[in-house]
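Structure first, commentary second.
The values are calculated or read from the model by the stated rules, or taken from the named source; none is laboratory data. On a predicted model such as this, the values are computed, not experimentally measured, just so you know. Cβ coordinates were reconstructed from backbone atoms using ideal geometry, including for glycine residues, and neighbour counts include every protein chain displayed.
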Amino acid sequence: MEPLRSLILAAADSDAIRRAVATAPGTRGIVARFVAGETVADALAAVRSLAADGRYATLDHLGENTSDPGVTEDTVRTYERLLDALRAEGLADAAEVSVKVSAVTVARDEELALRNARRICAAAQRCGTTVTIDMEDHTATDATLRLVETLRQEWPWAGAVLQSYLRRTPADAVALSGAGSRVRLCKGAYAEPADVAFTTGHETDLAYVRCANILLEGVPTRCSPRTIHGWWPCCASGRVGTGVSRAVTSTRCCTGSGRTSRSGWPRKGRPCVCTCRSVSSGTDT
C-alpha cells in the first residue's frame, strides 16, 4: 500500500508523472480507480455514473504545490468551468469540488490562496453546490484551517477535511464540531513523522473512530444518510463493535448497499464502502 500511496502523491505533484502513470499498462488500471479522467467531460461522466447509483461525488483537480502563478490561475479557471458544467448538466446537486490550498497559491501565499478560494466558492454558490478545502501534509494544516475559518464568514457551508492519523486532530475536531459545520474525516495519506502522526494502521483506525465520535457528539440533530466519508475502520478490520461507540457504527450511511445488518451494524469483516462526503448537522451535508 505504501508504494501505491507514494505513486499517487507523486502523480498529484507532476503532470509528467501523472501522464506516465495513467498510460503505463501496469498502472493504468490502478490509476483509473482514483482518477476520473483528464478533462471536464471525463469528470462529468464520472459524476453522472455515480449519481445514477445514488452516490455523491467530490471532484479534485490534481496539481499540488504549484510554483507558477500561471498554473495557479489555470487551476482556478478549470474549477470555474467545471462548476459551470455541473450546473449546465443538472449535476450540481450530485457533486461538489475539493480544493487543495497549494494548488491555488504559490509559495504558501495565504492572501493569494484566499482570493482564489473565494473565486471558487463564489462560482460554487452561483452553481448551487459547495466547496471543501482539502487537507495536505501537516505543515499546511494551520494555514488550511485558517483559510476555512475565513471562508466560512462568507460561505458557512465551506467544508474542511481532517486526517485522523495526525495526533492533533482530536483538538481540531472539537474546534470544528457543531451545527452547520461540514467536515470530511479521512485517515490521511501523506508520509508524516511519528511525532506528529500515528504510524500504524491500528492506531489510525482507533484515532478515526475517536475523531468521528467527537464530531458526532457536536451534532445536535439526527445524522444524515451521508455521514462518514471513506471506509469504516472498525468493519474493514473485522473488529465490529470492539471499543467502538454504537453511535458511530449504527449510522446507516450505507443503507441499500447490502453491507449492513438489519440492526444497522456493519457485518463482521465486510468493508462498508461509504460514498458520503462529510460529518454534518443532519439536514444538510
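Among the residues of the range 103-119, the ones that are at pLDDT 95 or above and either surrounded by 20 or more Cβ atoms within 10 Å (Cβ to Cβ) or small (G, A, S) (or both) come to 6 in all.
Scanning the range 170-196 for residues being exposed (fewer than 14 other Cβ atoms within 10 Å of the Cβ) and assigned to a loop (DSSP other than H, G, I, E, B) gives a total of 6. Each residue in the range 137-166 was checked for being surrounded by fewer than 22 Cβ atoms within 10 Å (Cβ to Cβ), part of a loop (DSSP other than H, G, I, E, B) and touching a Lys or Arg at 6+ places or on another chain (Cβ under 8 Å), and 2 of them qualify.
Restricting to the range 120-132, and then to whatever is out of contact with any helix residue (DSSP H, G or I) (no Cβ under 8 Å at 6 or more places or on another chain) and of a type in the set (S, T, N, Q), can you tell me which residue is surrounded by the most Cβ atoms within 10 Å (Cβ to Cβ)? So the residue we want is T132.
Of the residues making up the range 127-164, those that are within 22 Å of L83 (Cα to Cα), among the small types (G, A, S) and within 16 Å of the chain's Cα centre (by Cα) are A158, G159, A160.
Checked across the range 100-122, the condition of being among the hydroxyl-bearing types (S, T, Y), in contact with a His (Cβ under 9 Å, 6 or more places away or on another chain) and either under 17 Å from G37 (Cα atoms) or in contact (Cβ under 8 Å) with a residue 24 or more places away in the chain (or both) holds for no residue. Is it the case that the range 107-125 has a residue that's assigned to a strand (DSSP E or B) and touching a Phe, Trp or Tyr at 6+ places or on another chain (Cβ under 8 Å)? There is no residue in the range 107-125 that is assigned to a strand (DSSP E or B) and touching a Phe, Trp or Tyr at 6+ places or on another chain (Cβ under 8 Å).
Condition test on L44, is it assigned to a loop (DSSP other than H, G, I, E, B), buried (at least 17 other Cβ atoms within 10 Å of the Cβ) and at pLDDT 85 or above?
No; evaluated as a whole, the condition is false for this residue.
Restricting attention to the range 123-131, does a residue exist that is without any contact (Cβ under 8 Å) to a residue 40 or more places away in the chain and more than 19 Å from G63 (Cβ to Cβ)? Checked the range 123-131: at least one residue is without any contact (Cβ under 8 Å) to a residue 40 or more places away in the chain and more than 19 Å from G63 (Cβ to Cβ). Scan the range 65-78 and tell me whether some residue there is part of a helix (DSSP H, G or I), touching a residue at least 12 places away in the same chain (Cβ under 8 Å), farther than 16 Å from I133 by Cβ and of a type in the set (K, R). For the range 65-78, residues part of a helix (DSSP H, G or I), touching a residue at least 12 places away in the same chain (Cβ under 8 Å), farther than 16 Å from I133 by Cβ and of a type in the set (K, R): absent.
Residue under question is E80, and the condition is that it be out of contact with any Cys (no Cβ under 6 Å at 6 or more places or on another chain), among the acidic types (D, E), surrounded by fewer than 23 Cβ atoms within 10 Å (Cβ to Cβ) and modelled with pLDDT of 95 or more; does it hold? Answer is yes for this residue.
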